[in-house]
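Comments concern the structure below.
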Amino acid sequence: MSTIERLLLKQEIEDFLYLEADLLDGRKFRDWLDLLAEDLVYFMPIRRNVKFGQHDEKENTRQGEGISWFDEDKWTLTKRVEQVLTGVHYAEEPLSRVTHMVSNIRLLDVTPTEVTVGCRFLVYQNRVEYENYTFIGRRTDVLRRNGESWLIAKRELILEQNVLLAKNLSIFF
Amino acid sequence: MTLPIDQLIDPQRGIISREIFVSPEFHKEELEKLFTRAWLFVGHVSQIPKPGDFYTSRMGEESVILCRDSRGEVHVFLNSCRHRGMKVCRYEQGNTSLFVCPYHSWSYTTDGKLQGVPLYRSLYEGVLNREEWSLVEVPRLHIYKGTVWASWDPEAPDFLTYLGGAVDHLDQVLDCRDGRPGGSEVIGVHKWVLPTNWKFAAENFLGDTYHNPSHRSVDMIGIGPSGEKGARRDNEYAKGQHVWVSFPQGHGMHSVWMPEEFGYQTTYAQYPEVDEYFRHCFEERKRRQGVKARLMPFTGNLFPNTSYHGRQPRGLCVWHPHGPTETEAWRFFLVDADAPAAVKDVLRRFYMRYSGPAGMTEQDDMENWLYATQSSMGTIARRYPFNYQASMGAYKTNDPIPGDVSMQITDQTPRNYYRVYARYLKGDGWDSLLGRDVAPMQAAAE
């Protein structure tokens, strides 16, 4: 891949991620679901305080085993969207105000069908009157080429918290 | 300090002041008079299988270390150096031969003994007796079917006396699904902070089935293991008599008493292999436990702050006070240690989508508890007590199972809970805290 091709691809990927953020922040949750591949893996580990030298092995809970904040598939995320859309999911009724910021975007791996993208996320949630939560962390997405657009095939969210400093994770990341 | 406890907590009339949920004075009294005495859940032996393994936990607002020493004995220590108070362990779990304080490097062996004191000879020789400066250890510790419990009160009754008849219900959480005693393991722990008083959460698990409407959204969409709309979990108890049970030690729960003849109802319908496993467990449990197998669990709260979910999902949740209007929740998820991997996988996925801050069911609980706390803080709000008058007097003692048993949704479990809570805050002796004056029940239990 030439440098110019790589730059164009990066630009295309950035546009896609910003579009995705717009859909979420604009509360177009069903449209957002359409961006998710049927075999999606959506994973947010729990981070642990471990001794120096054990981080690779023990800091994060692992996808596919035990308990994490999220380790789920498209079915579950679809249920989450359906729940919000009932209008009686009180943890999101009235709806929170949310802004997703995405930065530090890098293409980590490029194949003819998939691109692995690293970025940072900053998600701000303001709820009802005085509730404020800021979720900051690192994200790795696997995006799959889907005609003129992309599908999210895998999303790993490394939230920079140990004890969760929020009462809920009722929003999408 | 003398708080007007009897004026503010009146379980006889079902009237309880909001002060106990918001006032710093009550919070302080709870820490001094309740959390220093009651038996508290600390952890599970599956978290510390090998000598030298440790897991840092909490008792009330204080950090403790659950540790298996080099000889295999289990201890619980206050996580604070005896010299200047620094936490001697800031890792969540691991294995060690020594806890070395980062501050001045005093070090303690895994049985809590002070071993290393830098410059001992020149600074302390003849004055400091190491034997007297071990890590502070809980005077009372009990391991029950893998779960570790501790009390700071040397005079506390033994754990099973403290549990009383609630043990039959706790067993339904801790025993293998096929009825073998114990055998569970912890597969993960959620920890999160929520701006609510810890008692809202404890009370919710005491058998507040009345709050079901707040889970309407998740029932509408259906997230249960059978994937059906209209349910957030499987209904395993269609033919059972729901019971809400109180015990004189303050424990309360919502369980089900099945009829004499009862059969397996399909659960986990999305996963035939898992359904078959639970069918097998169900039949084995009936065969092993006989009449006891008729008791099935929903939720409960063991006084003061350890709640459980018995089956779907299954685990223990400790509601640690974290200031008067903040709680730190630790939820320990349980499975049978020897369950097939496919079963464990389905269970953990269900637990995650149901429970805790990311759980579709419990998010709505957190919303309720937050705003119930916040809107009870005002000067005017605090003049108006909460109502606990549901099903006044509508229970029978030891019929059909031990305890004060209601056959309908009731506030009897929280009325009983706050009756005992008030006794702790008044500094009563253990006879009172165990409800030994609640004579008919005691006589029947003996």
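The values are calculated or read from the model by the stated rules, or taken from the named source; none is laboratory data. None of the values given here were measured: they were computed from a predicted structure. Cβ atoms come from the backbone with ideal geometry, glycine included; neighbour counts cover every protein chain shown. What goes into the accessible areas is simple: the full protein's heavy atoms, side chains included, and nothing from ligands, DNA or RNA. Shrake-Rupley method; radii C 1.70, N 1.55, O 1.52, S 1.80 Å.
Observations on the structure shown:
- By average C-beta atoms within 10 angstrom, highest first, the peptides B:134-141, B:267-274: B:134-141, B:267-274
- Based on Cα contacts under 8 Å between residues 6+ apart, chain B shows a relative contact order of 19 percent.
- Its Cα centre serving as origin, region B:151-255 has a Cβ charge dipole (Lys and Arg +1, Asp and Glu -1) of approximately 540 debye.
- Here the Karplus relation 6.51 cos²θ - 1.76 cosθ + 1.60, evaluated at θ = phi - 60°, turns the backbone of region B:3-11 into coupling constants of 8, x, 4, 5, 6, 8, 10, 10, x Hz, with x for every Gly and Pro.
- Residue by residue along B:359-365, Cβ atoms of other protein chains within 10 Å of the local Cβ number 6 on average.
- A simple charge model with +1 on the Cβ of Lys and Arg, -1 on the Cβ of Asp and Glu and nothing else charged puts the dipole of chain A at about 480 debye relative to its Cα centre.
- Chain B: angle of helix B:362-374 to the longest principal axis, Cα-based, in degrees nearest 10: 70 degrees
- Computed from phi, the 3J(HN,Hα) profile of region B:422-436 under the Karplus parametrisation 6.51, -1.76, 1.60 (θ = phi - 60°) reads 4, 5, 4, 5, 8, x, 4, x, 5, 4, 5, 5, 8, x, 5 Hz, with x in place of Gly and Pro.
- Rg over Rh, two decimals, region B:26-109 (C-alpha only, Kirkwood Rh): 1.00
- Within the accessible area of region B:40-142 (1.4 Å probe), percent carbon and sulfur: 48 percent
- Counting, for every residue in A:35-48, the Cβ atoms of other protein chains within 10 Å of its Cβ and taking the mean gives 1.
- Farthest toward positive dipole pole in chain B [+1 Lys/Arg, -1 Asp/Glu at C-beta], among B:Thr266, B:Gly378, B:Asn235: B:Gly378
- Summed over both chains, the area buried between B and A is near 3400 Å², taken from the accessible surface of protein heavy atoms with a 1.4 Å probe.
- Based on C-alpha pairs under 8 angstrom that are at least 6 apart in sequence, chain A has a relative contact order of 22 percent.
- Computed over chain A, the convex hull of the alpha-carbon atoms projects to a mean area of 11.2 nm².
- Since only B:Ser134, B:Ser70, B:His83 are under comparison, the one whose Cα sits farthest along the positive direction of the charge dipole of region B:40-142, derived from C-beta charges on Lys, Arg, Asp and Glu, is B:His83.
- Protein-protein interface of region B:186-203, residues with accessible area decrease of at least 40 Å², isolated chain reference, 1.4 Å probe: B:His190, B:Lys191, B:Val193
- For chain B, a simple Cβ point-charge model (Lys and Arg +1, Asp and Glu -1, everything else neutral) yields a dipole of about 480 debye relative to the Cα centre.
- Percent carbon-and-sulfur accessible area, region A:3-159, ignoring ligands, DNA and RNA, probe 1.4 Å: 50 percent
- Summarising the label geometry, the points placed 7 Å from Cα in the beta-carbon direction at A:Leu122 and A:Leu95 lie 2.4 nm from one another.
- Only Cα pairs under 8 Å and 6+ residues apart enter the sum, and on that basis the relative contact order of region B:40-142 stands at 22 percent.
- Distance between modelled label sites at B:Glu131 and B:Tyr103, nm, 7 Å Cα→Cβ extension: 2.6 nm
- Subset of B:Lys87/B:Lys191; A:Lys79/A:Lys154; A:Lys74/B:Lys145 violating a 28 Å alpha-carbon distance limit: A:Lys74/B:Lys145
- Nearest-ten-degree value, helix B:272-289 long axis tilted from longest Cα axis of chain B: 80 degrees
- Packing around the peptides B:213-223, B:37-47, B:94-104, taken as the average count of other Cβ atoms within 10 Å per residue, puts them in this order, highest first: B:37-47, B:213-223, B:94-104.
- In the context of the full set of protein chains, residues of chain B present 38 Å² of accessible surface per residue (probe radius 1.4 Å, heavy atoms only).
- Cα coordinate range in region B:371-427, projected on the principal axes (Å, largest first): 44, 30, 17
- Residue of A:Thr113, A:Thr140, A:Thr61 that the Gaussian network model of chain A assigns the largest fluctuation, springs spanning Cα pairs under 10 Å: A:Thr113
- Within the protein assembly as shown, A:Cys119, B:Cys67, B:Cys89, B:Cys176, B:Cys281, B:Cys317 have no other Cys Cβ under 4.7 Å of their Cβ and so lack a disulfide-compatible partner by this rule.
- Estimated from helical segments only, the mean residue ellipticity of the protein assembly as shown at 222 nm is -7000 deg cm²/dmol, where each DSSP H run of four or more residues counts as -39500 (n - 2.57).
- Over chain B, the hull volume per residue, using the convex hull of the C-alpha atoms, is 152 Å³.
- Residue by residue, region B:396-404 carries 3J(HN,Hα) couplings of 10, 8, 6, 8, x, 10, x, x, 8 Hz when phi is fed to the Karplus relation 6.51 cos²θ - 1.76 cosθ + 1.60 (θ = phi - 60°); x denotes Gly or Pro.
- Alpha-carbon gyration tensor eigenvalues x 5, square-rooted, for the protein assembly as shown, Å: 40, 32, 25
- Furthest towards positive pole of dipole, B:Val186, B:Leu114, B:Ala150, structure part the protein assembly as shown, Cβ charges: B:Leu114
- Quarter the surface of the alpha carbon convex hull of region B:74-188 and you get the mean projected area, 9.4 square nanometres.
- Inter-chain Cβ neighbour count for B:366-372, averaged per residue, equals 4 (cutoff 10 Å, partner chain atoms only).
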